[in-house]
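Everything below concerns the one structure shown next.
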Amino acid sequence: MLSYNEIVVNLKLLRRVEKHQKINTRGAFLNVEARSIIPEFVRRWRRGDDRNHTVHQIQQTVLTAIEQTPKYPALKTYLAEAKKGVDNLKETYGDCTQTVARLEAITDSIDAALNGGDEPPVEEIPDIDVD
């Protein structure tokens, strides 16, 4: 399970993700893919990073944050702010309907948690190779 600090840092990073940016998911914390002279696809391939892993890490962060909101109510603010970055990732991965649907399920879970909805958060969605 993610620690409170990991959840907060990852949600804060998500709120900063802009359209057409990708996330580096290797390591304890999410990070925005840095610009480099080495092509992005090469760097991501060498790390074993892909969109399925990205969505999985985002989902884990969001679901853990939602589960922890009763104990840490401030997480609701971070979730609300992180939703913008998840929406921007929908634009980044707009060519893949499955990835967009998975990201929409995550934002639906955020909305339900913030609005006190009766709908439970989307459970773990299995990684499916879409490439």
From the options Pro126, Pro121, residue that is modelled with pLDDT under 90 and farther than 21 Å from Val8 by Cα: Pro126
Single condition Arg26 does not satisfy, out of (1) in contact with a helix residue (DSSP H, G or I) (Cβ under 6 Å, 6 or more places away or on another chain); (2) modelled with pLDDT under 95; (3) among the charged types (D, E, K, R); (4) crowded, with 17+ Cβ neighbours inside 10 Å: (4)
Whichever residue in segment 75-106 is surrounded by fewer than 16 Cβ atoms within 10 Å (Cβ to Cβ) and touching a residue at least 60 places away in the same chain (Cβ under 8 Å) and, among such residues, is nearest to Val9 (Cα to Cα): Glu81
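The values are calculated or read from the model by the stated rules, or taken from the named source; none is laboratory data. Given the structure is predicted, the values throughout are model-derived calculations rather than measurements. Note: ideal-geometry Cβ built from the backbone for every residue, glycine included; neighbour counts use all protein chains shown.
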